1. In cubic angstrom, how much convex hull volume per residue do the alpha carbon atoms of the range 22-119 span?
2. Using the alpha carbon gyration tensor of the range 110-200, what are the three equivalent-ellipsoid semi-axes (square root of 5 times each eigenvalue), largest first, in whole Å?
3. Taking R0 as 45 Å, what FRET efficiency do you get between Thr183 and Arg9 from their Cβ-Cβ distance, rounded to the nearest 0.05?
4. Could you work out the pair-distance distribution P(r) of the range 165-204 from its alpha-carbon pairs, with 10 angstrom bin width and percents rounded to whole numbers?
5. Using +1 at the C-beta of Lys and Arg and -1 at the C-beta of Asp and Glu, which of Thr148, Gly186, Val167 has the Cα lying farthest in the positive direction of the dipole of the range 141-194?
6. For the range 80-143, state what percent of all Cα-Cα pairs lands in each successive 10 Å bin, counting from 0 Å until the bin that includes the largest distance.
7. Hey, what do the phi angles of the range 125-136 turn into as Karplus ³J(HN,Hα) couplings, whole Hz, using 6.51/-1.76/1.60 and θ = phi - 60°, x for Gly and Pro?
8. Hey, how much of the P(r) for the chain falls beyond 24 Å, as a percent of Cα pairs?
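The values are calculated or read from the model by the stated rules, or taken from the named source; none is laboratory data. All values reported here derive from a predicted model rather than from experimental measurement. A quick note on method: Cβ atoms are made from the backbone with ideal geometry, for glycine too, and the neighbour counts reach across all protein chains shown. To get the accessible areas, we keep the full protein, side chains included, count just its heavy atoms, and leave off ligands, DNA and RNA. Shrake-Rupley method; radii C 1.70, N 1.55, O 1.52, S 1.80 Å.
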Amino acid sequence: MPTTPPRRRLSPAEREAQIVAAAETVARAEGLAAVTMRGVAAAVGVAPSLVAHYRPAMEDLVGETFRTVAGDEVAEVRALVDAEPDPVARLRTLLACIADPHRDDVASLWADAWSIGRTNPALAQAAREVMDDWQALATGVVRDGVRTGSMHTDDSDEVGRLLFALVDATNGYALVDYLDRPTREGLVRTTIAHAVGLEPSALA
């Protein structure tokens, strides 16, 4: 009679990687609030005590999970932006990437980060770090535009801060279905275009 071969026991490094991957899957599917010992354990198919053995501080895992997911998005968008031939095209691509509906799952995680980060210092730190990455990307594009004469502003940093203040506000609108998507995207595009001396059509 055939027998089922015993399951290979995972090494500590393999189990750690499995837990980290499961946390990311849970976060994308259900939000950061679902990244709990029980939630991650259910995704892996193990007892919560095993998750606790590897990750006793779930707050840290939540912060790391957000940092990985949100940081990967910044790196992906940066590569797309950097591939464009001039600053205006790079800014147009940056806005298009931010507005891409396929990135809505990460936008929802940002809403979680702003809320849960009030009581989770690790998550708050991760959110600040990734926001700095976004700010650096946007500011760099605007500075290049000013240097080449295709954009005009006295404060590139301020334009970067304005952009992500608008993005966060309109992402909040989206969570409660306030204004339709074209209106939200148009608000961001028009405001940023005017901030750097462009016609909104240049960024459409």
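1. Numbers: hull volume 9.7 nm³, N = 98.
Dividing the Cα hull volume of the range 22-119 by its residues yields 99 Å³.
2. Numbers: eigenvalues 137, 72, 10 Å².
Semi-axes, largest first: 26, 19, 7 Å.
3. Values: r = 55 Å, r/R0 = 1.22.
Efficiency, rounded to the nearest 0.05: 0.25.
4. Taking all Cα pairs of the range 165-204, the binned fractions are 32, 48, 19, 1 percent.
5. Checking the options against the dipole of the range 141-194, the answer is Thr148.
6. 20, 41, 30, 9, 0
7. Listing the rounded values in order: 5, 4, 4, 5, 5, 6, 4, 4, 5, 4, 4, 5 Hz.
8. On the way: 10151 of 20706 pairs.
Taking all Cα-Cα pairs of the chain, the fraction more than 24 Å apart is 49 percent.
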